1. Do we find that residue 107 is more than 10 Å from the ligand (Cβ to nearest atom), among the charged types (D, E, K, R) and in contact with a Phe, Trp or Tyr (Cβ under 7 Å, 6 or more places away or on another chain) in this structure?
2. Out of (1) crowded, with 19+ Cβ neighbours inside 10 Å; (2) over 12 Å from residue 95 (Cα atoms); (3) not basic (Lys, Arg), the odd one out for residue 125 is which?
3. Restricting attention to the range 113-122, which residues are surrounded by fewer than 22 Cβ atoms within 10 Å (Cβ to Cβ) and either within 25 Å of the chain's Cα centre (by Cα) or assigned to a loop (DSSP other than H, G, I, E, B) (or both)?
4. Identify, please: which residue in the range 70-103 is small (Gly, Ala, Ser) and part of a loop (DSSP other than H, G, I, E, B) and is, among those, surrounded by the most Cβ atoms within 10 Å (Cβ to Cβ)?
5. Please determine, by comparing only the residues of the range 110-138 that are of a type in the set (A, V, I, L, M, F, W, C) and within 9 Å of the ligand (Cβ to nearest atom), which one is nearest to residue 69 (Cα to Cα).
6. Kindly indicate whether residue 63 is out of contact with any helix residue (DSSP H, G or I) (no Cβ under 9 Å at 6 or more places or on another chain), surrounded by 14 or more Cβ atoms within 10 Å (Cβ to Cβ) and at pLDDT below 95.
7. Among the candidates 71, 54, 147, single out the residue that is more than 18 Å from the chain's Cα centre (by Cα), among the basic types (Lys, Arg) and more than 16 Å from the ligand (Cβ to nearest atom).
8. Looking at (1) in contact with a Cys (Cβ under 8 Å, 6 or more places away or on another chain); (2) of a type in the set (Gly, Ala, Ser); (3) closer than 14 Å to residue 83 by Cα, which one does residue 132 not meet, given that it meets all the others?
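The values are calculated or read from the model by the stated rules, or taken from the named source; none is laboratory data. A quick note: this is a predicted structure, and the numbers were derived from the prediction, not measured. Note that each Cβ is placed from the backbone with ideal geometry, even for glycine, and that neighbours are counted across all protein chains shown.
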Amino acid sequence: MDGGIAAVALGGAGLLAGSLTATFGRSGKTPAAAPAPAPTPTPSPSGTGGGAAKVSVAASAVPVGGSAQVKDPATGDAVYIVQPKAGQYCGLSSVCTHSGCAVDAPKNGQMYCPCHGSRFDAATGAVINGPATKPLPKYTVTKDGDKLDLGPVQS
Ligand code: FES
């Protein structure tokens, strides 16, 4: 009773696939450090706009009851600089607080939104009639010689 143990030897066919080296892709190449981008100029160390560029308009462009349009450098939104009473300046956002349409320039003491008919007080930004329920954001405007500087949003 000898159970013949068959030792199977695979002679000669013993090539192991140990030399499969996947050499696709990069090996050992580390990307060089990208040059740091040049810092963008940030004017207005003396400005009031929290690091944004200063925006000004000639005071003569804003008569009593009139307006001049500028852009809020922080948001890009249009802002009307107004002078409702002599020597009294402020800025009012042109972005309707109802759904974001552009309100018309001040006319007869009001600013009208053509989308759904809201009206705002052109001196304060307060809602005169809806559907808007919130006033237009109001900006500080300061007179500096013959120019008016747009300041930060007050509310
Ligand atoms: Fe101005 Fe609707 S977006 S009234």
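1. Details: more than 10 Å from the ligand (Cβ to nearest atom): yes; among the charged types (D, E, K, R): yes; in contact with a Phe, Trp or Tyr (Cβ under 7 Å, 6 or more places away or on another chain): no.
No, not satisfied.
2. Against the list (1) crowded, with 19+ Cβ neighbours inside 10 Å; (2) over 12 Å from residue 95 (Cα atoms); (3) not basic (Lys, Arg), residue 125 comes up short only on (2).
3. The initial filter retains those residues of the range 113-122 that are surrounded by fewer than 22 Cβ atoms within 10 Å (Cβ to Cβ), namely 114-117, 119, 121.
Listed by number, the residues that qualify are 114, 115, 116, 117.
4. Looking only at the range 70-103, we keep the residues that are small (Gly, Ala, Ser), and these are 74, 76, 78, 86-87, 91, 93-94, 99-100, 102.
Filter again for part of a loop (DSSP other than H, G, I, E, B), leaving 74, 76, 86-87, 94, 99-100.
Details: 74: 14, 76: 7, 86: 8, 87: 8, 94: 22, 99: 12, 100: 10.
My answer is 94.
5. Start the filter on the range 110-138 by keeping residues that are of a type in the set (A, V, I, L, M, F, W, C), which leaves 111, 113, 115, 120, 122-123, 126-128, 132, 136.
Adding the requirement that they be within 9 Å of the ligand (Cβ to nearest atom) leaves 113, 115, 132.
Details: 113: 16, 115: 20, 132: 22 Å.
In this case the residue turns out to be 113.
6. Values: out of contact with any helix residue (DSSP H, G or I) (no Cβ under 9 Å at 6 or more places or on another chain): yes; surrounded by 14 or more Cβ atoms within 10 Å (Cβ to Cβ): no; at pLDDT below 95: yes.
So residue 63 fails the test.
7. Values: 71 fails: more than 18 Å from the chain's Cα centre (by Cα); 54 fails: more than 18 Å from the chain's Cα centre (by Cα).
Going through 71, 54, 147 in turn, the sole match is 147.
8. Answer for residue 132: the failing condition is (3).
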